[in-house]
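Worksheet for the structure shown next.
The values are calculated or read from the model by the stated rules, or taken from the named source; none is laboratory data. Please read these numbers as outputs of a predicted model, since none were measured by experiment. Note that each Cβ is placed from the backbone with ideal geometry, even for glycine, and that neighbours are counted across all protein chains shown.
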Amino acid sequence: MAALSFTTLSAPQGQINGQFTPWVIAWQIPNQTPNGYVLQHMQIIFQGVHDCGLDNLSDDEIWSRMDYTGPPRLDYWEAWQYRDGIWLPISNTDSWGFSQPGSFYSNDGEGTVIFNGMAGFYEGEDLAAFCGEWGTDGNNDGSPMSGALMSTTQTPDLPNPPTIQRSMRIEWHVCGCDSDDVECRKTSVTTAIAPQNA
């Protein structure tokens, strides 16, 4: 398995009321790497997210607020293809954020969102060799959270575990803040990268 690494192109920054700019990275592999895929296991976890004075929102309620349909698909795998020295179909970048927040940020509230990712590079010519139902934009068994990337909620059959582990934690506590108190309403963003396996 080729050594996978990444560089940060844009670090996430907290804004206000739970909003934040995405963490954008670019995958890197050595020259002359055979054809294959970066496969990343994503888990997006919502903890204690609620409108001020109300109960915590369920994953189904959050999913609906983001204008997605069907059951939540917050635990999934996504893929970047590398063929003949070119990244397909778009690029080698990964962006952690909410491209479709819908009405998620409409009300004052508080909570925590955790993005967990584990990724590795795996040689191969066909995603179906790892598992069956991949799709873009939530089609088949994919998650719409991956947008145009191929993704699946199935667990692929991998020869080795992923080598890169990273996480991003988003926290906000707006309840009790004055409407013009930007410091009180500021979103906290922290990232962590685990030491790479050999």
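Check region 176-198 and report whether any residue there is among the acidic types (Asp, Glu) and either over 30 Å from Leu54 (Cβ atoms) or part of a strand (DSSP E or B) (or both). Taking every residue of region 176-198 in turn, none turns out to be among the acidic types (Asp, Glu) and either over 30 Å from Leu54 (Cβ atoms) or part of a strand (DSSP E or B) (or both).
Each row is one residue, and each column tells you yes or no for (1) more than 25 Å from Ile193 (Cβ to Cβ); (2) buried (at least 16 other Cβ atoms within 10 Å of the Cβ).
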residue: Ser10; (1), (2): no, no
residue: Gln32; (1), (2): yes, no
residue: Asn35; (1), (2): yes, no
residue: Gln47; (1), (2): no, no
residue: Asp60; (1), (2): yes, no
residue: Ser64; (1), (2): yes, yes
residue: Asp67; (1), (2): yes, no
residue: Ala79; (1), (2): no, yes
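When Gly138, Gly97, Gly109, Gly117 are checked against the criterion of being among the small types (Gly, Ala, Ser), out of contact with any strand residue (DSSP E or B) (no Cβ under 6 Å at 6 or more places or on another chain), modelled with pLDDT of 95 or more and closer than 30 Å to Asp55 by Cα, Gly97 stands alone in meeting it.
Residue count for region 1-33, restricted to those that are among the β-branched types (Val, Ile, Thr), farther than 14 Å from Asp94 by Cβ and in a strand (DSSP E or B): 1.
If you scan region 167-198, which residues turn out to be free of Cβ contacts under 8 Å to residues at least 60 places away in the same chain and either in contact with a His (Cβ under 9 Å, 6 or more places away or on another chain) or hydrophobic (A, V, I, L, M, F, W, C) (or both)? Within region 167-198, Cys184, Ala192, Ile193, Ala194, Ala198 meet the criteria.
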